[in-house]
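J.: Below are the structure tokens for one structure; questions will follow.
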Amino acid sequence: MSSKDLRAVLIDACLQADRLGLNSGTAGNLSVRYADRMLITPTGIACCDLKQNMIVECALDGGHSGRWRPSSEWNMHAEIYKAFPEAQAVVHAHPDNCVALSCLRKPLPAFHYMIASFGGDDVPCSAYACFGSRELAQAAVQALQGRNACLLANHGMICFSDSADKAVANAAKLETLARQYLKAHTIASPVLLDEAEMRTVRSQYRTYGQQPAADISGNDS
């Protein structure tokens, strides 16, 4: 995609994240990989006010030019692109239930089979580090090993995917699961799926959502 097309995709993803309640005001940030660089939302601008020329083209060492400065969390995005070649888009957000769970500094465990969609038997919580710091970026990358999403201690969440719309969808799914987990905890400690049960789920996920090919007549082959 061209820079112009990717900027449009990124703004659409930001607006969708807002509609889903993942962020409000100027909180959170999104980016997409662009060759050996990234396009990232600017610092201090609400999604509803974004224009294509405000999206910052940023090197993975933070280098950029122009009027607009990249998100203060550019380090996290850059380190994820460096560490995970499959990452094409990154969403960092502060939705209520993910924030609440992150303040407990505990992972989101295998209380529901959909946890497996994030790559493992839980969604880890990173070590704490100050927002905007290189230490936070490093903590996020460490927590994301073998995963595509994690909680950020006393902060929020971050996830990546192979497209901006999928990354936003994954962030929304994580927030839903965090809400369901916390709601279950108001009654009792949820029963967790065991290792064997999660292994079966991961096997099922290898073909989950795939549709059979259709022949030229439109009938399933």
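J.: How many of the residues in the stretch 77-124 are surrounded by 21 or more Cβ atoms within 10 Å (Cβ to Cβ) and more than 18 Å from residue 146 (Cβ to Cβ)?
T.: 10
J.: Next question, about the same structure. Could you list, in sequence order, the residues of the stretch 84-107 that are within 15 Å of the chain's Cα centre (by Cα) and hydrophobic (A, V, I, L, M, F, W, C)?
T.: If the condition is that a residue be within 15 Å of the chain's Cα centre (by Cα) and hydrophobic (A, V, I, L, M, F, W, C), then 84, 87, 89, 90, 91, 93, 98, 99 are the ones that fit.
J.: Here's something else I'd like to know. Give the stretch 70-106 a look and list any residue that's acidic (Asp, Glu) and over 15 Å from residue 155 (Cβ atoms), or say none. Give the steps one after another, and end with the answer.
T.: So the first thing to find is which residues in the stretch 70-106 are acidic (Asp, Glu), and the list is 73, 79, 86, 96.
Once the filter is applied, which keeps residues that are acidic (Asp, Glu) and over 15 Å from residue 155 (Cβ atoms), the stretch 70-106 yields 79, 86.
J.: So residue 101 passes all but one of these: (1) aliphatic (A, V, I, L, M); (2) part of a helix (DSSP H, G or I); (3) farther than 24 Å from residue 73 by Cβ. Which condition number does it fail?
T.: Condition (3) is where residue 101 drops out.
J.: Right, here's the next one. What do you reckon, is residue 179 modelled with pLDDT under 95 and outside any loop (DSSP other than H, G, I, E, B)?
T.: Details: modelled with pLDDT under 95: no; outside any loop (DSSP other than H, G, I, E, B): yes.
Considered against the rule, which asks whether it is modelled with pLDDT under 95 and outside any loop (DSSP other than H, G, I, E, B), residue 179 comes out as no.
J.: Can you pull out every residue in the stretch 60-76 that is without any contact (Cβ under 8 Å) to a residue 24 or more places away in the chain and surrounded by 14 or more Cβ atoms within 10 Å (Cβ to Cβ)?
T.: Here is the first cut: in the stretch 60-76, the residues without any contact (Cβ under 8 Å) to a residue 24 or more places away in the chain are 61-67.
Matches in the stretch 60-76: 64 only.
J.: Restricting to the stretch 15-41, name every residue that is farther than 22 Å from residue 170 by Cα and surrounded by 14 or more Cβ atoms within 10 Å (Cβ to Cβ).
T.: 37 - this is the single residue of the stretch 15-41 that is farther than 22 Å from residue 170 by Cα and surrounded by 14 or more Cβ atoms within 10 Å (Cβ to Cβ).
J.: Condition (residue is more than 17 Å from the chain's Cα centre (by Cα) and hydrophobic (A, V, I, L, M, F, W, C)) applied to the stretch 166-182: is it met by at least one residue? Full working, then the answer.
T.: Of all residues in the stretch 166-182, those more than 17 Å from the chain's Cα centre (by Cα) come to 180-182.
The next check asks that each one be hydrophobic (A, V, I, L, M, F, W, C); those that pass are 182.
Yes, the conditions are met somewhere in the stretch 166-182.
J.: In addition: Of the residues 72, 24, which is assigned to a loop (DSSP other than H, G, I, E, B) and in contact with a Gly (Cβ under 6 Å, 6 or more places away or on another chain)? If you could, list the steps in order and put the result at the bottom.
T.: Values: 24 fails: in contact with a Gly (Cβ under 6 Å, 6 or more places away or on another chain).
Exactly one residue qualifies, and that residue is 72.
J.: Sticking with this structure for a sec: Out of everything in the stretch 187-221 that is among the polar types (S, T, N, Q), closer than 19 Å to residue 115 by Cβ and loosely packed, with under 10 Cβ neighbours inside 10 Å, what residue ends up being modelled with the lowest pLDDT?
T.: Of the stretch 187-221, the ones among the polar types (S, T, N, Q) are 189, 200, 203-204, 207, 210-211, 217, 219, 221.
When the remaining residues are screened for being closer than 19 Å to residue 115 by Cβ, the result is 189, 200, 203-204, 207.
Those left that are additionally loosely packed, with under 10 Cβ neighbours inside 10 Å: 189, 207.
Values: 189: 95, 207: 72.
The qualifying residue modelled with the lowest pLDDT is 207.
J.: When the stretch 1-34 is examined, which residues are found to be modelled with pLDDT of 95 or more, of a type in the set (Gly, Ala, Ser) and over 14 Å from the mean Cα position of the chain (by Cα)?
T.: 8
J.: Can I ask one more? Filter the stretch 135-171 down to residues that are touching a Phe, Trp or Tyr at 6+ places or on another chain (Cβ under 8 Å) and of a type in the set (S, T, N, Q) and give me whichever is nearest to residue 10 (Cα to Cα).
T.: Only one residue fits best here, namely 170.
J.: Show the residue pairs meeting these rules: Cβ distance below 7 Å; 6+ apart or different chains; first residue within the stretch 166-180 and crowded, with 20+ Cβ neighbours inside 10 Å; second residue of a type in the set (S, T, N, Q).
T.: From residues that are crowded, with 20+ Cβ neighbours inside 10 Å, the pairs are 167/161; 168/16; 170/148; 170/161; 175/97; 178/97.
The values are calculated or read from the model by the stated rules, or taken from the named source; none is laboratory data. Given the structure is predicted, the values throughout are model-derived calculations rather than measurements. Every residue, glycine among them, receives a Cβ derived from its backbone with ideal geometry; neighbour counts consider all protein chains shown.
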